[in-house]
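Structure record follows, encoded as structure tokens.
The values are calculated or read from the model by the stated rules, or taken from the named source; none is laboratory data. Note that the structure is predicted; figures quoted are calculated from it, not measured. Neighbour counts are summed over all protein chains in view; Cβ atoms, including those assigned to glycine, are modelled from backbone coordinates with ideal geometry. Please note that ligands, DNA and RNA were not included when accessible areas were found on the heavy atoms of the full protein model with its side chains. Shrake-Rupley method; radii C 1.70, N 1.55, O 1.52, S 1.80 Å.
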Amino acid sequence: MRSIYDISVKAALFDLDGVVFDTEPQYSIFWGEQCRRYHPDQPGLEHRIKGQTLTQIFDAHFSGELKDEQESITERLNDFESKMTFTYVAGFLSFIQKLRQEGVKTAVVTSSNNAKMQAVYASHPEFTSLFDAILTSEDFAESKPSPDCYLRAAARFDAAPADCVVFEDSFNGLKSGRAAGMFVVGLSTTNDAELIAPLCDLVIPDYRSTKLLNI
């Protein structure tokens, strides 16, 4: 397994939910309501769909007889996201500021859409100043776990995959970073550390971790 000290970091690529913002508990509330409404026979389903895109959730759990409900669910989700609280994961702000001071390029690479990002910008006007690029679902053809999104982000900076670090929390996101050939840091904000460890080069609880001191 590679160490963080074995690479020369040119670009740090961050997922959004559960990585930049500690929003996963809020999504569990929203999807818990939807799952109890449409799938009362599958308790805990909201936890099993963590990290999946809306399309993936719809295809797996809201297709067939429930396909006509997708529009209503999307409207409720958009309304929910417009009222969400976006709290930075502990230590994130000081960590990313350190990266930028050292000349490391930074990007958000998220499956969220532009409508969701407008709510983020309204809540945090400083957000765009933290990143050199922001890639959303409109910017890539294939969703995670495909490596497409992270490879596109690296290309924005003319950086080789081996010179990039991916910060992820979901299984699909971790697989995406691994498939892109990048150093993968997993945050145990959404899933237990021992569960995501096989997909990571490094696991941290948040950005206060001493494991990141020399990045």
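Could you look through the range 132-150, keep only residues that are of a type in the set (A, V, I, L, M, F, W, C) and surrounded by fewer than 18 Cβ atoms within 10 Å (Cβ to Cβ), and pick out the one that is nearest to VAL109 (Cα to Cα)?
Among them, the one singled out is ALA133.
Suppose we keep only residues that are in contact (Cβ under 8 Å) with a residue 24 or more places away in the chain and open to solvent by 70 Å² or more (accessible area, probe 1.4 Å) within the range 104-131. Which one would you say is nearest to THR74 (Cα to Cα)?
ASN114
Give the number of residues within the range 70-83 that are touching a helix residue (DSSP H, G or I) at 6+ places or on another chain (Cβ under 7 Å) and either open to solvent by less than 20 Å² (accessible area, probe 1.4 Å) or charged (D, E, K, R) (or both).
Counting residues in the range 70-83 that are touching a helix residue (DSSP H, G or I) at 6+ places or on another chain (Cβ under 7 Å) and either open to solvent by less than 20 Å² (accessible area, probe 1.4 Å) or charged (D, E, K, R) (or both) gives 3.
Just one of (1) charged (D, E, K, R); (2) modelled with pLDDT of 95 or more; (3) closer than 18 Å to ILE7 by Cα; (4) in a helix (DSSP H, G or I) trips up ASP158, so point out which.
Here ASP158 clears every test but (4).
Taking the stated definitions as given, is ARG156 surrounded by 16 or more Cβ atoms within 10 Å (Cβ to Cβ), charged (D, E, K, R) and in contact with a Phe, Trp or Tyr (Cβ under 6 Å, 6 or more places away or on another chain)?
No; evaluated as a whole, the condition is false for this residue.
State all residues of the range 36-73 that are among the small types (Gly, Ala, Ser) and within 28 Å of VAL19 (Cβ to Cβ); if no residue qualifies, say none.
GLY44, GLY51, ALA60
Would you call PHE92 open to solvent by less than 10 Å² (accessible area, probe 1.4 Å) and on the phi < 0 side of the Ramachandran plot?
Answer is yes for this residue.
For ARG100, work out the one condition from (1) open to solvent by 70 Å² or more (accessible area, probe 1.4 Å); (2) without any contact (Cβ under 8 Å) to a residue 24 or more places away in the chain it doesn't fulfil.
The number of the failed condition is (2).
Conditions: (1) in contact (Cβ under 8 Å) with a residue 24 or more places away in the chain; (2) open to solvent by 40 Å² or more (accessible area, probe 1.4 Å). GLY177 meets all but one. Number of the miss?
(2)
Are any of the residues in the range 15-34 over 30 Å from VAL203 (Cα atoms) and buried (at least 18 other Cβ atoms within 10 Å of the Cβ)?
Yes, the range 15-34 contains a residue that is over 30 Å from VAL203 (Cα atoms) and buried (at least 18 other Cβ atoms within 10 Å of the Cβ).
How about the range 37-97: which helices (runs of 4 or more DSSP H) wholly inside it have at least 2 residues that are β-branched (Val, Ile, Thr)?
In the range 37-97, 54-61, 70-82 are the helices (runs of 4 or more DSSP H) which contain 2 or more residues that are β-branched (Val, Ile, Thr).
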